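> I'd like to ask you about the structure that follows.
Every number here is computed from the coordinates shown, using simple stated rules; none is lab data. Given the structure is predicted, the values throughout are model-derived calculations rather than measurements.
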Ligand code: ADP
Ligand code: ZN
C-alpha cells in the first residue's frame, strides 16, 4: 500500500505541487488507507486532486462518477496533461473499445462515467473483469433530495458499490448543508467519521454589493479594472442579449451571450470560446456555469439579485478557482426583491415559508453594514471573524443610521393611504408637498401629511429600499407599497430599523490583476502558452496557470532542474514543454 510519503512524491512528480492544500492531505490519507470518505470542500479547493492522486499511485482503476459530460472531458484533459492514464466512457466517446480493453488490461488510472451508465448491469459486469482502486463520486449532493439538484440515478450507485464492498468510496461536493451531508453519508454507506469538512471561505474572492443604477455602465467599469475572463449573470434571456451588446460596444472586449433560448450549437460554441479565452466575458442566465471548470475566471457579476444565498455562493464561487484574486459584484435594485416577493404568492403553500426565509436572508446580506463574508459564512453555519478585510463593507465602512422613527412614519403613511401607493407619492404626503394628486385623494387631510422635515426627506428613498429588502414593505405589480414582514413590530416600537448609507466609494482603481502588465517575458510566455494550447487542442489553463507563468517570468529558470522546482510543473509538463519554455526565457 502506498503511504503519504509516496503521495507527496507523486504530488510533485505528477502535478508539480510542493504541498497539499487545506484538507486535501486528510482526504488522500483516508483514501490510501482504504477508508470511505465524504469530502465537502468549496470550489477551487482542489477536489479532483484528492481522487486523481490516489488513483495514479494505487494499483487498479478508480471509477469516477460525474454528472456532466463536459465536466468529465475537462477533467480528462487535465489528468492526461499531467500524465495520468484516464479515459471517459460516455455516449459521445468513439474510443470505447480501446477504453474497455485498457481497463481490462489494468492500464487505466481513472475511468470517468455518468451515473446513468454506472447503474447498468453491463457496466457492473465490466468492472468485475478488472481491478478497482476507488469509487469517486463527484457532485455527491445529487444523491440527496435535500440537496438542490437531486438526480435519481445517483441512488443506483449504492448497489453498484455494494457489489464491490472492499473498494473504498470517496464522495465529493462543494455544497451540502448539515442535512444534506447526513443524507449523503447514509445514502452512500460512508461512516460518520468519514466526513471531512473544509471551511466554506474563498479568501481570494472580494465580495461587493452595490445599488444598480446602470448595469451596463457599472459592468463596463468593472471590466476596465479587470482584464481577465468574467461571467455576468442577468435575469432574462432578453437582458443577457442586451447587456452583452452594450458592454461589448462600451469596452471593445469579446463578449458573448449564453442562455437556453440559443440553439445548442451556438451555445456550445459560445461556451467553448469562453473556456479557451483569456479575456472573454459571457453574459448568461443561470443556465450557464454548471459543468464549467475554468480556473481563471476573474470576476462574476450579478446584474440582478440571485435566487438565494446558496445560488449566489455557488455562482460567485466560479470566480478565482486558481487562487488568484477575483471579484464578485452584485448589482441590486429594490424592485428585484419586490418582484421576488410577489412571486412568493405563486409558490405552493408548503414551500412558501422556506422561500420567504431564503429571500429574507438574501435581503439581510444586501442590507448589511457588516462584513459580507462574515454574513455569508455564518449563513453556512460557520463562526467567522467579524471582519475579512476583503469585501466592500470591510474596505469602505458604510455609515449606519437609526431610522426607526422615520420608518414608523413611512409605514403609517403607506397604511393610511390604503397600501397602494409608491414611494414617490408617499414621500409627497409625508413632506407635505403641494400636489394635485395628493389633494385630489384627500391625502393632505391625513395625520401623516407633512410630518417629515427637510433633512429626513432625503432618507425616505433609501429607507424604502431597506424596508423592502427586509420585507417590511412589499411592492405590488404597480409599485404600490403594502405592509408585510415585521412592519407591525416596527410600528408598535418593538422592532428597530437601521439603514446603511454606503461610504462614498474610494476609487480603488488598482489593477484588478496581479499579472505583470509591462513585462515582455510574461507576455512572451503567454503567447507561447497560446500556441501550445492551440497545438494540443486544449484551453491555455490546461497547459499552465497564470501563476506558473508569473513565477517563470520572475525567476527566469535556466535549466530543466530549475524548471522542475516551479509549482505547477510536473514531470510530464516538464518533458512536453520544458524545451520551449527555456528557449523563450533565454531570449530575455
Ligand atoms: P474543485 O474541483 O475543488 O473546484 P479543482 O480540483 O478544479 O477544484 O482545483 C482547483 C485548482 O487548484 C486547480 O487548478 C488545481 O490545479 C489547483 N490545485 C489543486 N491542488 C493544489 C495544490 N495542492 N497546490 C496548488 N494548486 C492546487
Ligand atoms: Zn469583509
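> When the Kirkwood radius is taken over all Cα pairs of segment 373-469, what Stokes-Einstein diffusion coefficient follows at 25 °C and 0.890 mPa s, in µm²/s? Could the numbers behind the result be given before it?
Numbers: Rh = 15.6 Å.
Answer, rounded: 157 µm²/s.
> Now a separate question. Quick check: convex hull over the Cα atoms of segment 520-585, volume per residue in Å³, rounded to an integer? Please report the intermediate quantities before stating the final value.
Details: hull volume 4.7 nm³, N = 66.
About 72 Å³ per residue, rounded to a whole number.
> Please report how far the C-alpha centroid of segment 416-475 lies from that of segment 42-64, rounded to the nearest whole angstrom.
Cα centroid to Cα centroid, the span is 60 Å.
> Please give the length that would be gained between residue 33 and residue 104 if that part of the chain were fully extended, namely 0.36 nm times their separation in residues minus their C-alpha to C-alpha distance (nm, one decimal).
Length gained, residue 33 through residue 104: 23.1 nm.
> Given 25 °C and 0.890 mPa s, how large is the Stokes-Einstein diffusion coefficient of segment 4-197 in µm²/s, with Rh as the Kirkwood radius over Cα pairs?
Numbers: Rh = 16.5 Å.
Estimated via Stokes-Einstein, D reaches 149 µm²/s.
> Distance between Cα centroids, segment 170-201 to segment 86-128: provide it in whole Å.
So the separation of the two Cα centres works out to 26 Å.
> Moving on. Based on the alpha-carbon gyration tensor of segment 200-332 and its eigenvalue square roots a ≥ b ≥ c, which shape applies: rounded if a/c is under 1.5, prolate if not and a/b is larger than b/c, or oblate? Please report the intermediate quantities before stating the final value.
Details: a/c = 1.26, a/b = 1.14, b/c = 1.11.
It is rounded, given that a/c, with a ≥ b ≥ c, falls under 1.5.
> Restricting the count to DSSP beta bridges whose residues both fall in the chain, what percent are antiparallel, rounded to a multiple of 5? Don't skip to the answer; put the middle values down first.
Numbers: 7 of 54 bridges.
Around 15 percent of the beta bridges assigned by DSSP in the chain are antiparallel ones.
> Rounded, prolate or oblate for the chain? Axes are the square roots of the Cα gyration tensor eigenvalues, ordered a ≥ b ≥ c, and the cut-off for rounded is a/c under 1.5.
Here the chain falls in the prolate category.
> First check a/c for segment 331-400, with a ≥ b ≥ c the square roots of the eigenvalues of its C-alpha gyration tensor; if it is under 1.5, answer rounded, and if not, answer prolate when a/b is larger than b/c or oblate otherwise. Walk me through the numbers on the way to the answer.
Numbers: a/c = 3.97, a/b = 1.77, b/c = 2.25.
It is oblate, given that a/c is not under 1.5 and a/b is not larger than b/c.
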